[in-house]
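Below is one structure; the comments refer to it alone.
The values are calculated or read from the model by the stated rules, or taken from the named source; none is laboratory data. What you see is a predicted model; the values in this text were computed from it and never measured. All Cβ positions, glycine included, derive from the backbone under ideal geometry; neighbour counts span all protein chains shown.
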Amino acid sequence: MRELLQSLLDELRFDEPWKPVSRPALGAWIVFYLGFLAYAFSAHGGFLFIDSANLVVHEGGHNLFGWFGPTIGLWGGTLLQWLVPFLLAVYFFTQRETAGFVFCLFFFFENWLYTATYMADARAMALPLVTTSDPDFVEHDFNAIFSSLGVLAYDTRIAAVVRVLGWCGMLSVVGWFAFTALKKQPRELHPPEWKSVV
């Protein structure tokens, strides 16, 4: 069993160092993430431009997982919406690509904001709904999911928790990125100090 775990860890390259990110690239990425965080905060839970891409993946998830039955098909939109950036983050993790890993993990957590907005609308059902199937039979995912779980009355509370976790995840990822990238600066950016020999 120990050998199996060790081979899995070796396969995931846990012991390999992260690829360095130059200071100019780090600065540009940090400006991008801080700008996006400010934009997301100013939207107060509203629709963000990236959510158009999230919506396409979400609707594709219903179609993909719908092959396995109506229940998993209902959950499939959110599942695929979260799986795509998460699995891309796992790929970049195995390649030790710092910037790619952070980008995908950041937008994995950003998806939680989008999902929280949809969850909070479960009872009100005020958001416009999109479907790739018959528009006469469109249903609100989280109204159906929360109703089946018996937690519909808690939709806004559940959404608030998901939103906070999304924000914590995004902020943590950016903090980890800055810490890791600054710690692992390429050597060419830090020339050796010349000591005079007297």
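The table that follows gives values for the structure above.
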item	result
Matching residues, the stretch 150-171, being loosely packed, with under 14 Cβ neighbours inside 10 Å and either of a type in the set (Gly, Ala, Ser) or touching a Cys at 6+ places or on another chain (Cβ under 9 Å) (or both)	Gly150, Ala153
Qualifying positions in the stretch 173-187 - surrounded by 13 or more Cβ atoms within 10 Å (Cβ to Cβ) and at pLDDT 65 or above	Val173, Val174, Trp176, Phe177, Ala178, Thr180, Ala181
Residue pairs meeting the criteria (Cβ under 9 Å; at least 6 apart or on separate chains; first under 16 Å from Gly166 (Cβ atoms), in the stretch 28-48; second at pLDDT below 95 and loosely packed, with under 12 Cβ neighbours inside 10 Å)	Tyr39/Phe49
Verdict on Gly27 being surrounded by fewer than 15 Cβ atoms within 10 Å (Cβ to Cβ) and in a loop (DSSP other than H, G, I, E, B)	no
Failed item, numbered, when Ala43 is tested on (1) surrounded by 18 or more Cβ atoms within 10 Å (Cβ to Cβ); (2) closer than 30 Å to Asp155 by Cα	(1)
